[in-house]
Amino acid sequence: MARLSQAYAQFQASGAEILQITINTVDEANLYFRSYRLATPYLCDPDARVHLRYGLSPERQTVGAVAENWVTSIAMNSKDLLMHGQKAPGPGPAVRMGMNQWSQLIVVADRAGVVRDAQRIGPFDTLPTVAELLVRLEPLRAESPSTA
């Protein structure tokens with residue numbers, strides 16, 4: 001999220017918009033946004049209706065994967081608190097998910113809302129880089145009418 005927020009001006013210059021859709025509740029998102037300033041729009045989907053409409057479903061994780069995720073999250077939250085005084089949301093979303101983790105979906109849609117590219121990413125996979133996402137937008141920029 002932070003990486004996309006930092007590059008938000010680049011995406012807008014490409015004629016793109018970013019919308020993050022998360023299973024967090026509004027209260028969890030508000031706590032996050034009090035500590036972390038993000039430029040990108042954010043949609044809370046705690047009942048996962050939007051996720052399900054895009055064909056995403058939770059993936060059953062091993063006990064080891066869930067434990068590793070919790071340890072990593074606790075370490076990151078502790079570092080943020082100690083180094084920056086920032087308090088991240090508690091384990092609410094992780095507790096609600098239990099052994100299930102949601103996949104992620106990167107969608108590129110044109111101005112008419114037509115999905116032009118979609119990439120499903122596992123819950124623990126690395127997101128594409130900003131450069132990779134901007135390359136996916138190039139065909140749409142080439143098709144857009146000139147604003148000059």
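Selection of first residues in the range 8-32 that are over 20 Å from L127 (Cα atoms) and of second residues that are part of a helix (DSSP H, G or I) and aliphatic (A, V, I, L, M), restricted to Cβ pairs under 9 Å at least 6 apart or on distinct chains, gives the following pairs, ordered by first then second residue: G15/L137; G15/L140. A Cβ distance below 6 Å, combined with a sequence gap of six or more or placement on separate chains, defines the contacts here; from the range 38-59, residues that are loosely packed, with under 13 Cβ neighbours inside 10 Å reach residues that are not in a loop (DSSP other than H, G, I, E, B) in the pairs L43/I21. Screening the range 96-136 for residues that are assigned to a loop (DSSP other than H, G, I, E, B) and touching a Lys or Arg at 6+ places or on another chain (Cβ under 9 Å) and picking the one that is modelled with the lowest pLDDT gives M99.
The values are calculated or read from the model by the stated rules, or taken from the named source; none is laboratory data. This is a predicted model, so every value here is computed, not measured. Positions of Cβ are backbone-derived with ideal geometry, glycine not excepted, and every protein chain shown enters the neighbour counts.
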